[in-house]
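Trainee: First the structure, then my questions, so here it is.
The values are calculated or read from the model by the stated rules, or taken from the named source; none is laboratory data. On a predicted model such as this, the values are computed, not experimentally measured, just so you know. Please note: Cβ atoms are built from the backbone with ideal geometry, for glycine as well, and neighbour counts cover all protein chains shown. These area figures cover heavy atoms from the full protein model, side chains too; ligands, DNA and RNA do not enter into them. Shrake-Rupley method; radii C 1.70, N 1.55, O 1.52, S 1.80 Å.
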Amino acid sequence: MYFEQPGVENTEKTLKCAIDRLKEDKTLNDIVLASTTGETALKLVKMLEDAKLDRKINVVSITYHQGFSGEDINPMSEETANMLKSKGVNIVRATHALSGVERGISKKFGGYGPVEIIAETLRTFGQGLKVAYEITVMAADSGYISTKKNIIALGGSSKGSDCAVIIKPANMNNFFDIELKEILCKPKNKKKTI
Ligand SMILES: Cc1cc2nc3c(=O)[nH]c(=O)nc-3n(C[C@H](O)[C@H](O)[C@H](O)COP(=O)(O)O)c2cc1C
């Protein structure tokens with residue numbers, strides 16, 4: 001499925017697209033999603049409850065690392081984190097796989113290193129697809145998913161979700177073993193055209 005524009009307005013359709021696929025394919029048991037504030041993760045949990053699937057889905061919600069939006073700032077409130085945890089969601093708040101210390105180097109000295117170039121190359125497919133790669137590695141490195149089983153990963157353009165993919169995970173030390181299996185939905189345009 002292709003959305004005309006990128007952005008948060010595609011969130012419900014993206015989540016539905018992922019859940020429809022879980023209904024069809026019982027070999028998929030994990031969803032990894034980017035959710036900075038936890039808002040999208042809460043929507044997903046509610047939609048999964050309503051879908052009444054015949055099995056438990058492992059939901060891994062990745063937020064920004066502390067300090068991403070300013071010194072010591074944590075974008076997810078304690079209340080939201082607790083609510084998500086009470087629903088069985090695994091929350092990851094860690095160094096971003098596709099920037100890491102390299103971001104500190106480019107900020108201080110300028111230029112780009114190979115990791116940020118990988119990120120920028122993936123962004124040519126849209127922000128959400130780059131995010132899907134990044135959070136898949138972060139979820140695998142946190143131990144919440146196996147690298148042996150395909151998962152669904154959801155990313156977005158700054159807020160919400162607009163891209164869902166089926167992906168075979170890899171850890172960061174084997175990054176190039178990651179394999180994009182299917183694109184379930186994504187925006188056609190990288191930037192809003194209207
Ligand atoms: C680790 C991480 C990296 C992200 N990188 C980008 C990015 O490069 N570009 C972008 O548009 N959004 C990026 N995002 C935002 C997500 O794609 C997503 O839209 C957002 O986390 C949803 O948060 P919400 O539930 O608070 O709306 C990133 C989020 C996380 C957690």
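Trainee: Find, among the GluC sites (Glu not before Pro) in the range 1-80, those assigned to loop by DSSP (not H, G, I, E, B) with at most 15 other beta-carbon atoms within 10 angstrom.
Mentor: Within the range 1-80, the qualifying GluC sites (Glu not before Pro) (loop, at most 15 other Cβ atoms within 10 Å) are Glu4, Glu71.
Trainee: On a C-alpha basis, how far is the centre of the range 27-84 from the centre of the range 112-168 in Å? Whole number, if you could?
Mentor: 15 Å
Trainee: What number results when the radius of gyration of the range 85-142, computed over Cα atoms, is divided by 2.2 N^0.38 Å?
Mentor: 1.29
Trainee: Ignoring ligands, DNA and RNA, what percent of the accessible area of the range 1-122 is carbon or sulfur (1.4 Å)?
Mentor: Its accessible area is 55 percent carbon and sulfur atoms.
Trainee: Between Thr27 and Asp72, what FRET efficiency comes out of the Förster formula 1/(1 + (r/R0)^6) with R0 = 35 Å and r the beta carbon distance, rounded to 0.05?
Mentor: Plugging the Cβ-Cβ distance into 1/(1 + (r/R0)^6) gives 0.25.
Trainee: Another one. Please list Asp30, Asp25 in order of solvent-accessible area, largest first, computed with a 1.4 Å probe with all protein chains present.
Mentor: Asp25, Asp30
Trainee: Mind telling me which of Gly143, Gly88, Gly155 comes out most flexible in a GNM of the chain, alpha-carbon contacts under 10 Å?
Mentor: Gly143
Trainee: Let me ask something else. Using a Gaussian network model of the chain whose springs link C-alpha atoms within less than 10 Å, name the residue from Thr36, Thr121, Thr147 with the highest mean-square fluctuation.
Mentor: Evaluated over the chain, the most mobile residue of the options is Thr121.
Trainee: Contact order normalised by length for the chain, with contacts defined as Cα pairs under 8 Å and 6 or more residues apart; what percent is it?
Mentor: 31 percent
Trainee: Also, quick follow-up: Enumerate the residues in the range 119-136 having an amide nitrogen under 17 Å from the point lying 7 Å beyond the Cα of Asp177 toward its Cβ.
Mentor: 134, 136
Trainee: Around Asn10, what is the net charge, scoring Lys/Arg as +1 and Asp/Glu as -1 over all other residues with Cβ under 10 Å from its Cβ?
Mentor: Residues near Asn10 contribute -2 overall.
Trainee: Let me ask something additional. Under a 1.4 Å probe, what is the accessible area of the range 35-186 per residue, stated in Å²?
Mentor: For the range 35-186, the per-residue accessible area is 51 Å².
Trainee: I need the trypsin sites (Lys or Arg not before Pro) found in the range 2-95, filtered to DSSP loop residues with at most 13 other beta carbons within 10 Å of theirs.
Mentor: Filter output for the range 2-95: Lys26, Lys52, Arg55, Lys56.
Trainee: Now a separate question. Among Ile105, Ile57, Ile91, which one shows the highest mean-square fluctuation when the chain is modelled as a Gaussian network with alpha-carbon springs under 10 Å?
Mentor: Ile105
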